[in-house]
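The block underneath contains the structure these notes are about, expressed in structure tokens.
The values are calculated or read from the model by the stated rules, or taken from the named source; none is laboratory data. Being a predicted model, the structure only gives us computed values, none of them experimental. Cβ atoms come from the backbone with ideal geometry, glycine included; neighbour counts cover every protein chain shown. Ligands, DNA and RNA are excluded from the accessible area calculation, which covers all protein heavy atoms including side chains. Shrake-Rupley method; radii C 1.70, N 1.55, O 1.52, S 1.80 Å.
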Amino acid sequence: MSCERLGELLQSDDLNVAKEEQAFQGLKIWVQKNFESRKKHLDTLLKYIRLPLLSVQFILNEVKPFCYDSLSCCQMLLDTFEYRHNLEKRLGFPSLNSKPRKFFQQTVLIVGGEDDITSGKIEIYDADGDKWSTHHDLDNKTTNFGAVVLNNKLITMGGKIDNKTTNKVSCFNLVTKKTTELQAMQQERRFFAATVIDDRVFIFGGWNNENEIINSVERLNTMEIYDTQQDKWAAAPPMKENRTSFAAVAMGDHIYAIGGFDGLSVHKSVERFDIKSQAWISVTSHPEPKRRHKAIAFDEKIICAGGCNSKSVMEYDPGTDKWTNHESISEPRSHFNILLAPMHIMKNE
């Protein structure tokens, strides 16, 4: 990341940190990554840290030792102490930003299911109370659809209605609880994967067979990209493998497709799509064949869990291109959606 880009992030009110200390730690890690060439930027970047929001103990133990050889940084710390302890002079420090950043805690959102009762139900997890509650019931009979959360909106795509595959796309506002229809996908599909990168929705794989006939021809490798600004779908390069009931994860400029079923066999293979080069490449396969499982990005790793008759949890590290085993979940799970959404939108005003 460039100094300019980091500066933009640190200036933003929307930087999603629970405490300002996290913003400073991010700056510190960036400088230490290449200290000799980056230490010269410390004077410029420290002024974007909201120093009045830091605890005195943190400033003394963390900030001061790291910035001690910079006169301008030390002056900023002195100004901060004076700002904190002299209310009358606070207007004399216009360079010190004391405005708290917007912090939106995320929660788990589960959408849909295989039967008429759960097909349109949205459930929210309350981490503080360790309990689930129904946020809304979409009151539809669509199953096997794809879903993403984007800008406080739940976008549901495709799936099966009355045993027919559809290309229908709907947008449910999680705040107003109103539904609108969006441009339909180019191809009917269900059991496909959907991810989001930079306000664009990527969907790929699935199948469009109206019957439950095992036929690899009906399993798809095609990909479509939805532009939220233009409400328009466009075709994109297809995957190497035909896949349905597989897991997909977006990380940075890459999308990963994990496992799945091609109509004849269950895959272990994993492939990665590069947004910049617009190409799919194969990476290390999952240790076991997987279908109807789910995966999510967590701490710069990919956590893959569940599937048909499976309780396994595996972690993939893109940096090392290796899989490692984790403790299993309590029960086998399949055909579920796990999404992250801001906690604040779930509260009833």
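Convert each backbone phi in segment 52-64 into a coupling constant with the Karplus relation 6.51 cos²θ - 1.76 cosθ + 1.60 (shift: θ = phi - 60°), then list the ³J(HN,Hα) values in order as whole Hz, x for Gly and Pro.
x, 7, 7, 6, 4, 4, 5, 4, 5, 8, 10, 6, 4
Pull up all non-local amide H partners of Ile197: gap of 5 or more, or a different chain, and H-to-H distance under 5 Å with H placed in the peptide plane.
Residues meeting the amide H criterion: Phe202.
Protein chains only, probe 1.4 Å: how do Arg243, Arg291, Arg333 rank by accessible area, largest first?
Result, largest first: Arg333, Arg291, Arg243.
Ile281 label point, 7 Å along Cα→Cβ, cut-off 16 Å on backbone N: hits in segment 241-258?
Within reach of a label on Ile281: 251-257.
In deg cm²/dmol, rounded to 500, what helix-only [θ] at 222 nm does the chain give when every DSSP H run of at least 4 residues adds -39500 (n - 2.57) and the total is split over its residues?
Computed mean residue ellipticity for the chain: -4000 deg cm²/dmol.
Just to verify a number: FRET efficiency for His85 and Lys301, C-beta to C-beta distance, R0 = 41 Å, to 0.05?
Once rounded, the FRET efficiency stands at 0.40.
For segment 287-300, take each phi angle, set θ = phi - 60°, evaluate the Karplus expression 6.51 cos²θ - 1.76 cosθ + 1.60, and give the result in whole Hz per residue in order, putting x for glycine and proline.
x, 9, x, 9, 8, 6, 9, 9, 9, 8, 7, 8, 6, 6
Could you compute how much accessible surface Glu21 exposes when probed at 1.4 Å, giving the result in Å² to the nearest 10?
Its accessible surface works out to 40 Å², give or take rounding.
Search the structure for amide H atoms under 5 Å from the amide H of Phe145, placed 1.01 Å from N in the peptide plane, and list their residues when 5 or more places away or on another chain.
Amide H to amide H, under 5 Å and 5 or more residues apart or across chains, Phe145 pairs with Lys160.
Rounded to the nearest 10 Å², what accessible area does Phe298 have for a 1.4 Å probe in the complete protein model?
Here the residue's solvent-accessible area equals roughly 140 Å².
Mind giving me the nanometre distance, one decimal, between the label points for Gln75 and His136, set 7 Å out from Cα along Cα→Cβ?
Here the modelled spin labels are 5.3 nm apart.
Using a 1.4 Å probe and ignoring any ligands, DNA or RNA, find the accessible area of Met1 and quote it in Å² to the nearest 10.
Only protein atoms counted, so the area is about 120 Å².
If amide H atoms are built 1.01 Å from N in the plane of the peptide, which residues on other chains or at least 5 residues away come under 5 Å of the amide H of His136?
Result for His136 returns Ile122.
Could you tell me how many cubic angstrom of Cα convex hull volume the chain has per residue?
175
Please give the per residue accessible area of the chain, computed with a probe of 1.4 Å over protein heavy atoms only, in Å².
With all protein chains present, the chain gives 53 Å² per residue.
State the percentage of accessible surface on the chain attributable to carbon and sulfur atoms; use a 1.4 Å probe and exclude ligands, DNA and RNA.
Result for the chain: 48 percent of the exposed heavy-atom area is carbon or sulfur.
Quick one, could you list the DSSP H helices from the chain stretching 18 Å or more along their long axis (Cα atoms) with average Kyte-Doolittle hydropathy of -0.5 or above?
71-85
Could you give me the ³J(HN,Hα) list for segment 188-196, computed from phi with Karplus coefficients 6.51, -1.76, 1.60 and θ = phi - 60°, whole Hz, x at Gly and Pro?
Once θ is set to phi - 60°, the couplings for segment 188-196 become 5, 6, 9, 6, 9, 10, 9, 9, 10 Hz.
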